[in-house]
């Protein structure tokens, strides 16, 4: 392994040449190899895809949300991959207006994704961003939704963030650095003017920070947020004065993270200032310095304050306690504080779409591993609720056939790791079932116990599905996250191993029936775990895996690198370098037997470059001592999130399930 400046060069370095015909040929041959190995299950794979697809209601629609005088919603048409975006004026019985048919826009594109849709203050002009490659480089177009006219204005190579000023003529948007794709600048575009005359309003010069722009719920302010792993900074501008100058709420300070919303004459601030698990403060819009902040919700050692929603008469806090989310309703005057009741041992709940300030109705979403995605309207005065929509699972789905549980594994250092499980009790066997253990464990992202209709294809054939809520996520509070990052990162991996061993000891599965899966940073988890314990799993799926840690983190020209030194460590410092290389999946490949392995990636991935998994597979092929399957599949038309269509995205999943079910000898034709 050679290192030239910040670039590490080895025998597979050439695979990063995205436009090299030899590289493309290499990836296509790997795809062909994967297809050859799985050819005996091709019909089963096709049947799985049709089975997964058959559970989806084709003519589905979302619950309308009222913005001013309009109800906005999306709906799907029979056989179509993309939504039709619609609205109705004043009542749901009014005539439907189609504001955007994404199916028409996607014609002729292998990949098409909407980034953001933003309606002008007077509800006449729609701006939307879209990506036709999967690399999250967006273009923006404008449409008069009253006349149907397309405006000539067009923005190229932008981030996708959009925020209208209240004059219905100026709009704010972001752009990226061309090489690193870091969101670094915010511009103001005036309709009818060429993009070359757009006004730069903010540039983030610190390479560790990225910027976003959005509009406050109150519609009074345009907000620019600069975020880095451990710091943030907000700027605000009166939305009635788009040509004005932005002001800073409080200047950035290392290890101070905060978020801002506006209400009346105050800014409400979610902050970790002297509050590891965050607290809620407020301050006058005329005095935003920290000395002027007043506490609204105090810090608690055992509860993580994740988010909040402001209404005229209520404040709703989204909190996390012992790994589960709860919604706390707090009247802004008088008594009556309470939490919305949730009745399952493991679930996901969260704030829904709540555009109205005057209402006493809270919209929230709920799901569990046995309950499909549900939307509720909760009356905060009467404490009654109405189920507005539950995802309709076709094909005779009955929630009563499935059971969900929560159990706890003990890590080597004594920490208790929660595990969420779902299975069919009537498929359980005395010797244990095949079990798929899923994990992530990074960035403070919590993996919650949510429903998946596609997962039924595993459960109905006897699989148990489990989520390991390992450190590096934020399920058990901020400390849970910090205990799985930087020089404590290996706890993520040993937690996952402890969860696997716990499930075996419980008799739920055995090593020859145990499988693991994770994506992106969860793919790094997969790579690290199979280096440490290659004997523990029968098969592993690594989706868009971040496995060549050192090559990426040593190259500041790569997307995400400089902004993630506080997540993984800066390898330009010896202590971090030695620790990171000691678990980097690519660097720790050994001459040993590995489990069956399926690796997926996307050619246009802007987050984990396709060559990371490609190099990893190539090196594994050279060094592993077993004859187990090692498959690499590259989606040549997509990026980090895979295919864009609502049905097409399941084709890759059908291939993954065919791989797992074949290994488990459950691939019924």
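Only the coordinates and a few stated rules stand behind these numbers; no lab work does. This structure is a prediction, so every number in the text was calculated from the model and none was measured. Here Cβ is always computed from backbone atoms with ideal geometry, including for glycine, and neighbour counts include all displayed protein chains.
Principal-axis analysis of the Cα atoms of the chain puts helix 490-505 at an angle of about 60° to the longest axis. Taking packing as the residue-averaged number of other Cβ atoms within 10 angstrom, the listed peptides 70-76, 41-47, 335-341 run from highest to lowest as 70-76, 41-47, 335-341. What the Cβ-Cβ distance of residue 124 and residue 295 gives, at R0 = 25 Å and to the nearest 0.05, is a FRET efficiency of 0.05. The overall shape of the range 375-513 is oblate: from the C-alpha gyration tensor, with semi-axes ordered a ≥ b ≥ c, the ratio a/c is 1.5 or greater and a/b is no larger than b/c.
Computed from Cα positions, the angle between helix 611-623 and the longest principal axis of the chain comes to roughly 10 degrees.
Specify whether the C-alpha gyration tensor of the range 1-124 places it in the rounded, prolate or oblate class, a ≥ b ≥ c being the square roots of the eigenvalues: rounded for a/c under 1.5, otherwise prolate if a/b is larger than b/c and oblate if not. Taking the square roots of the gyration eigenvalues as a ≥ b ≥ c, the range 1-124 is oblate. What residues from the range 411-429 fall in the zone where the backbone N is under 14 Å from a label point 7 Å along the Cα-to-C-beta line of residue 401? In the range 411-429, the label zone of residue 401 (backbone N under 14 Å from the point 7 Å along Cα→Cβ) covers 423-428.
With kT/(6 pi eta Rh) evaluated at 10 °C and eta = 1.306 mPa s, and Rh the Kirkwood radius from Cα pairs, the range 339-436 diffuses with a coefficient of 98 µm²/s according to Stokes-Einstein. Take the Cα of residue 386, go 7 Å toward its beta carbon, and the backbone nitrogen atoms of the range 338-373 under 12 Å from that spot belong to 361-362. Mind checking the angle between helix 521-532 and the chain's longest principal axis? C-alpha axes, 0 to 90 degrees, to the nearest 10. It is inclined by approximately 20 degrees. As a calculated quantity, the FRET efficiency between residue 247 and residue 35 at R0 = 51 Å, using C-beta atoms, amounts to about 0.35. For a modelled paramagnetic label at residue 207, 7 Å from Cα along Cα-to-Cβ, the residues of the range 165-180 in reach, with backbone nitrogen under 16 Å, are 177-180.
With the Cα gyration tensor of the range 153-299 giving a ≥ b ≥ c as the square roots of its eigenvalues, does the rule (a/c under 1.5 for rounded; else a/b larger than b/c for prolate; else oblate) give rounded, prolate or oblate? Here the range 153-299 falls in the oblate category. Here the peptides 406-414, 430-438 are ranked by packing, the mean other Cβ count within 10 Å, and the order with the highest first is 430-438, 406-414. Potential lengthening of the chain between residue 60 and residue 17 amounts to 11.3 nm, from the contour at 0.36 nm per residue minus the alpha-carbon distance. Annotation for residue 557 and residue 46: the two label points, set 7 Å from Cα along the Cα-Cβ direction, are 4.6 nm apart. Computed extension length for residue 156-residue 78: 24.9 nm, one decimal, from 0.36 nm per residue of separation with the Cα-Cα distance subtracted.
When all alpha carbon pairs of the chain are counted in 20 Å bins from zero, the resulting P(r) reads 17, 52, 30, 1 %. Remark: 255, 647 ranked as 255, 647, counting other beta-carbon atoms within 10 Å and listing the fewest first.
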